[in-house]
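The values are calculated or read from the model by the stated rules, or taken from the named source; none is laboratory data. In this text, all values refer to a predicted model and were calculated from it rather than measured experimentally. Every residue, glycine as well, gets a Cβ built from its backbone with ideal geometry; the counts of neighbours run over all protein chains shown.
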Amino acid sequence: MQFLKRKFVKFLGFSILLTIYPIRSLLASAIKAINPNLSKKQRDIMFNEGTERPFSSELLNEKREGFYHCANCGAKLFASTAKFDSGTGWPSFSEALPGAFKTKIDYSLGMKRIEYHCAKCGAHHGHVFDDGPTESRKRFCNNGLCLIFKPN
Ligand SMILES: [Zn+2]
């Protein structure tokens with residue numbers, strides 16, 4: 001009985017894997033690499049859902065007024081007025097520009113997190129949490145390598 005149960009669980013795990021895998025590859029193929037000048041690290045984050053090292057982004061100290069754009073397709077994503085220092089080591093924003101992102105639930109790392117992608121090109125940018133400092137309660141935790149800052 002115990003043996004059958006184990007076999008069943010194993011079978012179940014395998015079928016789930018088979019079901020998830022094609023969806024993941026479909027999603028991946030929906031991402032359009034537009035910018036041919038992206039570095040290997042940028043590609044890894046944007047198309048393979050990687051993460052840059054904390055406190056490595058030059059944008060952490062960016063305090064000028066302007067807008068943050070997608071490093072892949074150039075879409076305008078955040079206004080500098082939404083940027084704040086979260087202390088996490090990644091550029092953080094309390095809100096995104098309307099329609100800038102699409103979200104997806106991410107269960108990697110054994111927890112449920114909301115992952116967001118550029119609505120225009122599908123590139124992965126980061127995760128959004130509900131512990132932000134403003135009324136929106138949002139904290140967009142964005143990889144700096146996915147952003148290009150254009151001062152006003
Ligand atoms: Zn984009």
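Things to note:
- Any hit, the stretch 136-147, residues being more than 15 Å from the ligand (Cβ to nearest atom) and at pLDDT below 95: yes
- Residue, modelled with the lowest pLDDT, within the stretch 30-66, restricted to residues that are within 16 Å of the ligand (Cβ to nearest atom) and among the β-branched types (Val, Ile, Thr): 31
- Residue check: residue 122 meets all listed conditions (1) exposed (fewer than 13 other Cβ atoms within 10 Å of the Cβ); (2) within 15 Å of the ligand (Cβ to nearest atom) but one, namely (1).
- Residues that are surrounded by fewer than 19 Cβ atoms within 10 Å (Cβ to Cβ) and assigned to a strand (DSSP E or B), drawn from the stretch 128-143: 129
- In the stretch 104-119, the residue that is surrounded by the fewest Cβ atoms within 10 Å (Cβ to Cβ) out of those that are more than 16 Å from the ligand (Cβ to nearest atom) and in a strand (DSSP E or B) is 105.
- Between 96, 79, 75, the distinction of being surrounded by 14 or more Cβ atoms within 10 Å (Cβ to Cβ), closer than 17 Å to residue 149 by Cβ, at pLDDT 95 or above and away from the ligand (no atom under 16 Å from the Cβ) belongs to 79 only.
- For the stretch 128-138, the set of residues classified as within 18 Å of residue 97 (Cβ to Cβ) and touching a strand residue (DSSP E or B) at 6+ places or on another chain (Cβ under 7 Å) consists of 128, 132, 138, listed by residue number.
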